[in-house]
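Shown next, in structure tokens, is the structure this report addresses.
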């Protein structure tokens, strides 16, 4: 039984010594590789688009390009079960997919760099979607590697060094990219595409760190169940074909449903708040595309395009295992996962635009938000990792959620004050320390919920669920600011974190000691 979910305390010496474990250090570099893409879709891209003349509402809609993070569980079985020609035999299952995903991430970043959104925003959006898809695939493999390469006792510290590497990469993709864009381009109010092209090209080169790490590390040795349905290469190709057909149906359905959904939103806008009508309309829009994709996939399986056993082993059994192990608490746990990050994700999409609207330059934003924020988050993640080992993950899960929600109230205070660099820096530091503590505890918690027999699929499901609702709402953060103003917006995002505290307390009281997925697998 791990201390992480059982709440058993460890000594300070044991907790600190875990920082030097080789697998813990490895996660620093893999975290760096995972952290490069995220801001290139969110914060940095938002500032690029803002400088290029796009409105806040349009900018935040671009954050939906990262919805691949929220649907990665759909293709996680492919990553988990299907070997890649040549590479899997040479590198192993996890490293082969990791290398492929890293090359795809670098390629997508280069494609974004080569296109000026001011001239062709559609191409930028498509490249951002490709980046989100490849980055989400990399996350699937890195998460599976982390969980399989060490026991639950090390997961809290591995998540801490992962977050440290992640944030270092975010410094480069945030502050570094902004500095480069400023040096080779212009400051706020002056748009020069060349600066952003150089900045994004440099970020693509940073992915070489991940590639080198993947080639240097060893494949994890884990006793896995035999997946008989995925033993036939021809059947695997048919399964991939079904997935591609479903993905095409999703994209086609999304386009086809756009006009009818716009009509529905217009009708609802007359009976309710336009912002709420727009959100409901987009949920219906997404649901229609998902339903069409699911129907196409199921229909192809029924017609024999791929064996039903592959569908069962890839999707049904991981879900059944989760419900079987957690019983009636399963749905409460899923609700907690879905809501845990809602406060910081919804606020985070608009953060750079907020700083810009306060009158700060790209260099100042890079210094205050990215540089100071980086070191604060790294400190918070290590604090969260050590405290999680010392006092147990569940306690720190509650503390992290409380701090994350409370820190958004500080931004509401900043919004009603005159622009003050020292005040903004202090609030950013507090917010990032809180985020680091919460993230370290949450990653360790999710790792403890994962059965190594279904590593990639289950963890991908957790992290997909973790970001889906927050990112859907975050797409409207610009519209919310336009409607409510910054002070009220930040207060609302803080209140969004209150249900999380209730869920943590409820789950902890109902199951103070639960068997971990690792011990269940044994």
Under the 0.36 nm per residue contour assumption, what length would be gained going from the current alpha-carbon distance of residue 271 and residue 222 to full extension? 12.0 nm
Taking 7 Å along the Cα-to-C-beta vector as the label spot, tell me the residue 332-residue 262 distance in nanometres, rounded to one decimal. 4.6
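Counting each DSSP H run of 4 or more residues in the chain as -39500 (n - 2.57), what helix-only mean residue ellipticity at 222 nm follows after dividing by all residues, to the nearest 500 deg cm²/dmol? Display every interim value, and only then the final one.
Numbers: 29 runs with 392 residues, N = 522.
Value at 222 nm, helices only: -24000 deg cm²/dmol.
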Which of the three applies to region 169-311, rounded, prolate or oblate, going by the alpha-carbon gyration tensor with a ≥ b ≥ c and a/c under 1.5 meaning rounded? oblate
Ranking 434, 381 by Cβ neighbours within 10 Å, fewest first, what do you get? 434, 381
Looking only at Cα atoms, what is the convex hull volume of region 245-325 per residue, in Å³? 115
Got the relative contact order for the chain handy, in percent, Cα pairs under 8 Å and 6 or more residues apart? 27
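How high is the FRET efficiency from residue 55 to residue 244, r the C-beta distance, R0 41 Å, rounded to 0.05?
Details: r = 35 Å, r/R0 = 0.84.
For residue 55 and residue 244, the calculated efficiency is 0.75.
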Exposure proxy check: 368, 191 ranked by fewest other beta carbons within 10 Å? 191, 368
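Please rank 331, 322, 489, fewest neighbouring Cβ atoms within 10 Å first, as an exposure proxy. Walk me through the numbers on the way to the answer.
Values: 331 11, 322 21, 489 24.
In increasing order of surrounding Cβ atoms, one gets 331, 322, 489.
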Packing-ranked peptide list from 408-418, 441-451, 394-404, highest mean Cβ count within 10 angstrom first, is 441-451, 394-404, 408-418
Between residue 482 and residue 501, the two model label points (7 Å from Cα along the beta-carbon direction) sit apart by a distance in nm of 3.3
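With a ≥ b ≥ c taken as the square roots of the eigenvalues of the C-alpha gyration tensor of the chain, please select rounded if a/c is under 1.5 and otherwise prolate if a/b is larger than b/c or oblate if it is not?
Numbers: a/c = 1.36, a/b = 1.16, b/c = 1.17.
Here the chain falls in the rounded category.
None of the figures in this text is laboratory data; all of them are computed from the coordinates on show. Bear in mind that the values here come from a model prediction, so they are computed numbers and not experimental data. Please note: Cβ atoms are built from the backbone with ideal geometry, for glycine as well, and neighbour counts cover all protein chains shown.
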